[in-house]
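All remarks here apply to the structure that follows.
The values are calculated or read from the model by the stated rules, or taken from the named source; none is laboratory data. Quantities reported herein were computed from a predicted structural model and do not represent experimental measurements. When we count neighbours, we look across all protein chains shown, and the Cβ atoms used for this are built from the backbone with ideal geometry, even at glycine. To get the accessible areas, we keep the full protein, side chains included, count just its heavy atoms, and leave off ligands, DNA and RNA. Shrake-Rupley method; radii C 1.70, N 1.55, O 1.52, S 1.80 Å.
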Amino acid sequence: MTIDRLGMATIKHLRGIHDLKSYRNACFALKRLEPYTSTTFFNKEKVYYLNKCGRSLIGSYRDIKKSSNIEHTLLRNDAFLYLNRPIDWQIESVLEYEAEQPTAHGIVFKGLSVATKSKMVADAVYKRNGYTHIVEIDNVRDMKDNLKKLQSYVDCFKYIDTPRLEIFTTTIDRKRKFEKWLLDYKLRGEVITFNSIR
């Protein structure tokens, strides 16, 4: 269940979640799960994910394939552990909201505004202490794209109960840019570098 919930996991992640004691004991436990898992390597570390047999055993429909998103998934797992393993952690959560559009051709109807339903995908979402925490993992995305996504959160936050944005990034320079943007757009949140949580 944990591997399905996270998408992919390393032994380090599974030891952090379950009381598997030593590395050797964790390897022994995962050896027994071999018929239900597939493995790949990332940075000389084994990464586990459920295969077809494992998914059918637990009734999961989430088909994970090894791809270029391995690093992103593993960084999201690091954030999960740092945030004390939220119970209602949902990965790749779709947020729907109505974004107001500027009036078309200068025509304004009294009492009506042009709005379109928009969607965005957050890396993870969970609730704690009355806040809806939205987690974003930034590792390779261009900063222009990050700015666009942050701007879309301005509209999205109007439709979420007490939202809080938590951004995990790779460098101090990127952290500073995110912190400036959070202030500029008056978004409640925090920016954390991965080096500070390891």
Q: Could you tell me which residue of region 65-74 is least open to solvent (accessible area, probe 1.4 Å), considering only residues that are more than 16 Å from residue 2 (Cα to Cα) and either touching a Phe, Trp or Tyr at 6+ places or on another chain (Cβ under 8 Å) or not in a loop (DSSP other than H, G, I, E, B) (or both)?
A: 70
Q. Going through region 1-24 one residue at a time, which ones are open to solvent by 100 Å² or more (accessible area, probe 1.4 Å) and among the aliphatic types (A, V, I, L, M)?
A. 1
Q. Of all residues in region 174-189, which are in a loop (DSSP other than H, G, I, E, B) and surrounded by fewer than 13 Cβ atoms within 10 Å (Cβ to Cβ)?
A. 186, 188
Q. Quick one: which of 192, 167, 134, 197 is exposed (fewer than 15 other Cβ atoms within 10 Å of the Cβ) and either under 22 Å from residue 71 (Cα atoms) or among the small types (Gly, Ala, Ser) (or both)?
A. 197
Q | strands (runs of 3 or more DSSP E) wholly inside region 84-161 containing at least 1 residues that are modelled with pLDDT of 85 or more and over 24 Å from residue 184 (Cβ atoms) | A | 90-100, 115-128
Q: Could you tell me whether residue 192 is closer than 22 Å to residue 78 by Cβ and touching a strand residue (DSSP E or B) at 6+ places or on another chain (Cβ under 6 Å)?
A: yes
